[in-house]
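Worksheet for the structure shown next.
The values are calculated or read from the model by the stated rules, or taken from the named source; none is laboratory data. Quick caveat, the model's predicted, so the values are computed rather than measured. Cβ coordinates were reconstructed from backbone atoms using ideal geometry, including for glycine residues, and neighbour counts include every protein chain displayed.
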Amino acid sequence: MSKKYSKEAAARFWSKRLKSTDPLAAVLTYNAPKILNEIYDKWEKESLKMALSHSLAGKKALDIGCGTGRISLALAKLGADVTCADLSAAMLKHLKLEARKRKVVSRIITINSSADKLPLDDNSFDIVTCFGLLEHLPPPVRRKTMIEAFRVLKPKGKMLAVVNNSRSVFLKNSYTMKEQQRNGYFVSLVGLKWLEKICEKQRMKVKVLAANPNYAAMYYMLSNSAGSISTKSQRGIREILRQSLKKDLGAASTSKFSSILASHFLVELRKAN
């Protein structure tokens with residue numbers, strides 16, 4: 001990076017973005033039709049539930065880069081006591097309001113903190129999640145964030161992260177930023193190889209749990225035209241996306257099909273014995 005990454009500028013960007021659009025678009029794809037963000041959000045949440053597959057009562061969870069709390073609130077609903085870390089004070093405020101509405105505020109703690117320097121103790125969380133954050137961090141900050149996540153994870157705990165796919169035929173020519181923009185925004189490709197390299201150095205095991213090739217293919221076919229599609233056609237599009245989601249949730253996450261078409265992977269990280 002030729003220009004120093006500004007956490008303050010990033011915090012301002014994400015807080016401003018939340019004020020300018022709906023909570024899903026603020027943390028997912030800003031200009032996408034709402035139905036596309038809704039289906040992607042459901043893929044992440046359903047994949048998360050499948051990865052956990054049991055009650056989290058009595059468990060301590062940390063959601064790094066929690067944003068508006070999509071994943072934090074899902075963890076709290078499953079019974080976990082959730083610490084939610086984010087740079088954006090506006091997003092944390094929104095998260096707290098949502099937690100009250102959903103009657104889980106007693107299980108939510110928010111901390112206004114950067115992901116690469118968490119004010120938290122070593123070995124203190126059973127579960128650490130990081131969804132939709134890594135691609136918005138330049139490599140040096142991203143690497144420090146992963147090391148911090150591993151530091152606070154208990155020896156027998158697990159981390160669940162979503163990473164975008166550097167081999168995706170849809171993404172590889174899109175996320176080409178080399179440095180943070182003047183407005184504070186940054187996005188780039190991450191990929192499984194980058195993650196595996198970091199994990200190997202930190203003695204962490206990586207397992208791919210889910211991918212979204214069917215959704216990704218439909219998304220990139222529809223994203224340029226869905227805004228002009230008639231209201232009458234919206235129901236059909238939503239059903240196509242739902243069927244794509246259903247296929248992704250039941251598909252092999254490591255197939256060749258997934259490796260070139262998926263836009264994102266859900267991965268499980270555990271400390272090696």
* Asked: residue 30 is checked against (1) more than 23 Å from residue 244 (Cα to Cα); (2) in contact with a Lys or Arg (Cβ under 9 Å, 6 or more places away or on another chain); (3) among the aromatic types (Phe, Trp, Tyr) and fails just one. What number does that condition carry?
  -> (1)
* Structure fact -> So, first residue at pLDDT below 95 in segment 248-273, second residue among the aliphatic types (A, V, I, L, M) and outside any strand (DSSP E or B), Cβ within less than 6 Å, six or more apart or across chains; the pairs are 260/169; 261/216; 261/217; 262/216; 263/171; 263/216
* Asked: Can you tell me which residue in segment 146-165 is surrounded by the fewest Cβ atoms within 10 Å (Cβ to Cβ), limited to those that are out of contact with any helix residue (DSSP H, G or I) (no Cβ under 7 Å at 6 or more places or on another chain) and outside any strand (DSSP E or B)?
  -> 147
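Yes/no matrix, rows are residues, columns are (1) buried (at least 21 other Cβ atoms within 10 Å of the Cβ); (2) within 26 Å of residue 14 (Cβ to Cβ); (3) in contact with an Asp or Glu (Cβ under 8 Å, 6 or more places away or on another chain):
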| site | (1), (2), (3) |
| --- | --- |
| 191 | no, yes, no |
| 196 | no, no, no |
| 203 | no, no, no |
| 215 | yes, yes, yes |
| 220 | no, yes, no |
* To do: State all residues of segment 61-103 that are under 15 Å from the mean Cα position of the chain (by Cα), buried (at least 24 other Cβ atoms within 10 Å of the Cβ) and of a type outside the set (A, V, I, L, M, F, W, C); if no residue qualifies, say none.
  => 63, 65, 67, 68, 69, 72, 86
* Asked: Conditions: (1) closer than 23 Å to residue 136 by Cα; (2) at pLDDT 95 or above. Residue 32 meets all but one. Number of the miss?
  -> (2)
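Select from segment 47-98 the residues that are assigned to a helix (DSSP H, G or I), charged (D, E, K, R) and under 22 Å from residue 122 (Cα atoms) and list them in ascending order. I'd like the intermediate steps shown before the answer.
Of all residues in segment 47-98, those assigned to a helix (DSSP H, G or I) come to 47-52, 70-77, 89-98.
Add one more test, that the residue is charged (D, E, K, R), and what stays is 49, 70, 77, 93, 96, 98.
Within segment 47-98, no residue meets the criteria.
When residues of segment 172-197 are filtered for being within 23 Å of residue 7 (Cβ to Cβ) and more than 18 Å from the chain's Cα centre (by Cα), how many remain? I'd like the intermediate steps shown before the answer.
Of all residues in segment 172-197, those within 23 Å of residue 7 (Cβ to Cβ) come to 175-190, 194-195.
Now drop any that are not more than 18 Å from the chain's Cα centre (by Cα), which leaves 176-184.
Residues flagged as within 23 Å of residue 7 (Cβ to Cβ) and more than 18 Å from the chain's Cα centre (by Cα) within segment 172-197 amount to 9.
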